[in-house]
1. Would you mind stating whether residue 102 is away from ligand 1 (no atom under 13 Å from the Cβ), within 16 Å of residue 76 (Cβ to Cβ), surrounded by 14 or more Cβ atoms within 10 Å (Cβ to Cβ) and without any contact (Cβ under 8 Å) to a residue 40 or more places away in the chain?
2. Scan the stretch 87-99 residue by residue and report those that are surrounded by 14 or more Cβ atoms within 10 Å (Cβ to Cβ) and out of contact with any helix residue (DSSP H, G or I) (no Cβ under 9 Å at 6 or more places or on another chain).
3. Which one of 69, 83 is in a helix (DSSP H, G or I), surrounded by 14 or more Cβ atoms within 10 Å (Cβ to Cβ) and in contact with a strand residue (DSSP E or B) (Cβ under 6 Å, 6 or more places away or on another chain)?
4. Just to verify a result, which residue in the stretch 41-66, among those that are outside any loop (DSSP other than H, G, I, E, B) and in contact with a helix residue (DSSP H, G or I) (Cβ under 7 Å, 6 or more places away or on another chain), is farthest from ligand 2 (Cβ to nearest atom)?
5. Contact list please: Cβ distance under 6 Å, first residue in the stretch 81-92 and in contact (Cβ under 8 Å) with a residue 12 or more places away in the chain, second residue more than 10 Å from ligand 2 (Cβ to nearest atom) and part of a helix (DSSP H, G or I), pairs at least six apart or on different chains.
Ligand SMILES: [Ca+2]
Ligand SMILES: [Ca+2]
Ligand SMILES: [Ca+2]
């Protein structure tokens, strides 16, 4: 009976642990080039280089964004061409804002208060995002 209780406790514990969200670091959605590569990158602001960074990664074998969640502009847990397109639309034709944690639509630079965790989904991760404390 003790063995059964122990196994039951372990099963319950593993269910609780597996249901916890993955704890990535805080980030701002859309800032795909927050970690400069070879001196190229503009962390702390949303610019055209964010879209370019993701396009180079997707189609030219460039380095992966260290914060995949930030590059996942439309928050569908997949990094596709739809993400840089959404960033470009947001920048140039007043497209829809990204899902949270989204940058304040007040210009290129965003305040640290825009930083936050990924509210949903745990397929992509955010390993490193220096602009957020
Ligand atoms: Ca940027
Ligand atoms: Ca996406
Ligand atoms: Ca997500």
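1. Considered against the rule, which asks whether it is away from ligand 1 (no atom under 13 Å from the Cβ), within 16 Å of residue 76 (Cβ to Cβ), surrounded by 14 or more Cβ atoms within 10 Å (Cβ to Cβ) and without any contact (Cβ under 8 Å) to a residue 40 or more places away in the chain, residue 102 comes out as no.
2. Step one: of the stretch 87-99, the residues surrounded by 14 or more Cβ atoms within 10 Å (Cβ to Cβ) are 87-91, 95, 97-99.
Answer for the stretch 87-99, where residues must be surrounded by 14 or more Cβ atoms within 10 Å (Cβ to Cβ) and out of contact with any helix residue (DSSP H, G or I) (no Cβ under 9 Å at 6 or more places or on another chain): 89, 90, 99.
3. The unique qualifying residue is 69.
4. Our first condition is that a residue be outside any loop (DSSP other than H, G, I, E, B); within the stretch 41-66, this holds for 45, 48-60.
Pick out the ones that are also in contact with a helix residue (DSSP H, G or I) (Cβ under 7 Å, 6 or more places away or on another chain) and you get 48, 50-51, 54-55.
On the way: 48: 18, 50: 13, 51: 13, 54: 9, 55: 13 Å.
If we take residues in the stretch 41-66 being outside any loop (DSSP other than H, G, I, E, B) and in contact with a helix residue (DSSP H, G or I) (Cβ under 7 Å, 6 or more places away or on another chain), then 48 is farthest from ligand 2 (Cβ to nearest atom).
5. Within 6 Å, the pairs are 84/51; 84/55; 87/50; 87/51; 88/51.
Values in this text are rule-based calculations from the coordinates and carry no lab data. Model, not experiment: these values are computed from the prediction. Counting neighbours? That spans all protein chains shown, and the Cβs are built from the backbone with ideal geometry, glycine included.
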